[in-house]
Each structure stands twice: as structure tokens, then as C-alpha cells.
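Participant: First the structure, then my questions, so here it is.
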Amino acid sequence: MQVVDVLVVGGGPAGRAAASACSDAGMRVSLVDPAPRRVWPHTYAAWRDELPAGVARASAAVAERMLTIGTAAPYEWDRQYAVLDNTALWKHLWRADVTEVTGTVTSAEHGAAGSTVHLKDGRRLAAAVVVDASGAARTLSGGRPARTPAQQTAVGVVVDTTEAGAILEPGTGVLMDWRQVPGVDGGWPTFLYAVPVAPGRTLLEETSLARRPGLPLASLRRRLRARLAAAGITLPAAASEERVRFPVDDPLPRQRRIAPLGSPAGLVPFGAAAGLVHPATGFSVAASLRLAPWVAGAISGGLVDGPAAAARAAWSLLWPPSATATHGLRRHALRTLLSMPPQRVPEFFDVFFSLPEHHRRAFLSPDFDLPGTSAAMAAAFRSAPWGLRRYMAASGPPPRLRAAHT
């Protein structure tokens, strides 16, 4: 059984980013996935200035400005927003020297010299370090938390840009439009997300930011059709849909569940499996793409002292105390939203959208900016009307910032 330096479990954007970065760092890399050559079906997007330079060039479409709408007039954000070309991104992250294995991982055994990963068909793969990029399943990183998660759910359709003209001006996208869907009285709040995805093509998606349990896709489908019909856009009954469902409030993997205290395990969670999903937005791709080269460097340097040292170095890079504290603040913000009466949520986003740009950037960033996130949350509280502050305060104080600003 051949032993590689790094075995990546999962062939999504995070797994491919980790595999390519480890290969670029000179390590022998294998990647295992049930369909490693499959191009990803979902739409990935990010602020263009938050993407690595090479990835930014893999954009399928770019909106020059984004609109955000709470309950009244739109707020304009003159900041480029890129929708990624999945085929171009896959090619950008593909490496000829990364060995691809088609299979489903079920478990792993860890020892001082490395790890053995077991596949569903009985095969075994050996590596010094294993990167778990299996997404929300967290196949090797403790599995799913034993509770009902808060989920982001969405249903979207892609239409000709000319049809979307009733909603979007050329070169413009809508990050969130929280205005009430015509004909829908009350209920859990949802928003329209609308972005160009290719020349002449626009994605229109009705989204539930977070709900426990997730808002049913059937409800989102009805709302999307009602919203578009009110704008004069009629969809075919069998229109092809994009369907989205993923958890946004997963805690960070517990090191003792991943590797018992004193274990020599060389396991590194990465991407959604490592908790890199932004709790208040659901964004994760930009964070994984930015962090992959740094994680690869930490693994490469740590392997001199063995697999466990490499894994510890990578985990310390991913989650230093300041990052853990920032993640805790953002999860607190999500809990605050989930505890609000549904009708007050759009009002909260009126407050957030009206904050100065540096506050919005800091809170939405894939980086773990502890001072910036703290300042943005404080500014939102100060700017909120008293009726809304009452609900913001009812969720309790934010977690203690034990890491200070380190």
C-alpha cells in the first residue's frame, strides 16, 4: 500500500484547493471522492476583491455593484461581486500529479507514523496526514452534531438577462431583497438573491438565510414564483432549479472527538468540515481558497516532526484564538437573528445595510477580523431603534473575548 504525504477526502472546491496547494508545496497528494471528475453543480460567488488573483480570473460573470434592500429604498454597494465559473475553477485547481481515487470514505485509523483511511468497498489508503474536506458530513471529523442545525435553504432559476430586466439593471446584482413577497402574508422572512451567472444569463433565487429547521424548499419555490410573477416574469412549469440546503451554525470540530487527548492523529479538517462556513451569511468558498496555501505550508513544515505535529500546525493556523473568538461572535449574531420575531428581521438588515462600508466589510469578510467584527456588531446595536435593540439584547451578551485582539 503506497503511502502519500497528504490524502484529501472530498473533491469539492475546498478539497481541490487543499490538494492543489499541497501539491504546489512539493508533497505527494491523493484525493478521494465518489466522483472526482464531476464539475460542481452549485453556484459559488464572492466579493471579487476577496478572491485570490488566479481564482478571480475564473469568474463566469461580475456584477459591478450590488444592491441590498431591507424594507424600503435600496442601498448601493459599489463593489464587484463575482460568480465563479465552476469548470474554470476546477481546471485552475486541478494538478496532474494529484492521484485521484474514486470511492467513498467511511472511517480512518490513526497512528504515530500516519493514517489508514477505509473505503466503503474495502480498499484502504495510507497517508501521513489526512485532510477531511468532506463538507457538512464531517466524515472523519466527528460526524454531524447531535442536534437540529440552522440551515440556509434556497430555490433558484436561471433566466435570460432580458427577462430579469424588471428586477436587475445591467451590471447590477442584488445581494438581498427582503421586501415582502406579494401574496405572502407573514411567515418566516426570505429574500431574493439575483446575480448574473454568465453572459446573458441571470440567477434569481429565493433564500432563507437561516432557520431551525430549514425552511422547506416547496415554500421557497412558491415564494419565488409569486415574486417573479409580480415583476412580470413567468417561469415554465418545469423550469430547471438550483436547490440549496446546508447548515450555517455548526460548531467548530472538537479536537477530542477528532483525536482523543494524546492521540498522534494527523487529521486536518478543512472547508465546511472545519467550520469555515460564515455563520451569518453561509459563505465559505473564498475562505477556503484563501487559506489553502497557508494550510499546505503548515502541513509541509510540520511533517518534519511527524503527522501529529503537522496537523497541530495546520489547526493552529486555521483557528488561532482570535479566529475562534470571531467565529463565536458571528454565531452569536446568527442566534440573535434566529430569536427575532420574523417581521423584525428585514428591519435589522435596514440597520446593517446603512452601516459605514468598513463595518459591513469586516463583518462579512472571510477573514477573522476580531476588532472589526466587534466594532461592526456594536455599531449595529447603537444604530438600531429601541424596539429592535430590545430583541437584540434579549439574545444575551456575546461570548467573552478571551482572545482579546491577538
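Participant: Which whole-Hz ³J(HN,Hα) couplings does segment 21-26 yield from phi under the Karplus relation 6.51 cos²θ - 1.76 cosθ + 1.60, θ = phi - 60°, glycine and proline marked x?
Facilitator: Per-residue couplings from phi come out as 5, 5, 4, 4, 7, x Hz.
Participant: Something else now. So what is the 222 nm mean residue ellipticity for the chain from helices alone, if each DSSP H run of at least 4 adds -39500 (n - 2.57) and you divide by all residues, rounding to the nearest 500 deg cm²/dmol?
Facilitator: Mean residue ellipticity, 222 nm, calculated: -9500 deg cm²/dmol.
Participant: Moving on. Relative contact order of the chain: what whole-number percent is it, with Cα pairs under 8 angstrom and at least 6 residues apart?
Facilitator: That works out to 18 percent.
Participant: Now for a separate question. Could you grab the relative contact order for segment 323-395? Cα pairs under 8 Å, six or more apart, rounded to a whole percent.
Facilitator: Across segment 323-395, relative contact order equals 43 percent.
Participant: Helix 217-230 versus the longest principal axis of the chain: what angle, 0 to 90°, nearest 10, using Cα atoms?
Facilitator: Helix 217-230 sits roughly 40 degrees off the main axis of the chain.
Participant: If you don't mind, another one. Keeping every protein chain in place, order H42, H358 by accessible area at 1.4 Å, biggest value first, i.e. largest first.
Facilitator: H358, H42
Participant: Tell me the net charge near R38. Cut-off is 12 Å between Cβ atoms, R38 excluded, with +1 for each Lys or Arg and -1 for each Asp or Glu.
Facilitator: 0
Participant: Can you tell me how segment 151-247 classifies by the Cα gyration tensor, rounded, prolate or oblate, using a/c under 1.5 as the rounded cut?
Facilitator: It comes out prolate by the Cα gyration axes.
Participant: With a 1.4 Å probe and all protein chains kept in place, how much accessible area does I69 have, in Å² rounded to the nearest 10?
Facilitator: Taking all protein chains as shown, I69 has close to 10 Å².
Participant: Under a Cβ-Cβ cut-off of 11 Å, what is the net charge of the residues other than T148 that fall near it, where Lys and Arg count +1 and Asp and Glu count -1?
Facilitator: Computed value for this residue: +3.
Participant: Please compute the length gained on full extension between A237 and Q180, using 0.36 nm multiplied by the number of residues separating them and subtracting their Cα-Cα distance.
Facilitator: Working it through step by step, the gained length comes to 18.2 nm.
The values are calculated or read from the model by the stated rules, or taken from the named source; none is laboratory data. All of these numbers come straight from a predicted model, not from anything done at the bench. Cβ sites come from the backbone with ideal geometry, for glycine too, and all protein chains shown count toward neighbours. Calculation scope for accessible area: heavy atoms of the full protein, side chains included, ligands and nucleic acids excluded. Shrake-Rupley method; radii C 1.70, N 1.55, O 1.52, S 1.80 Å.
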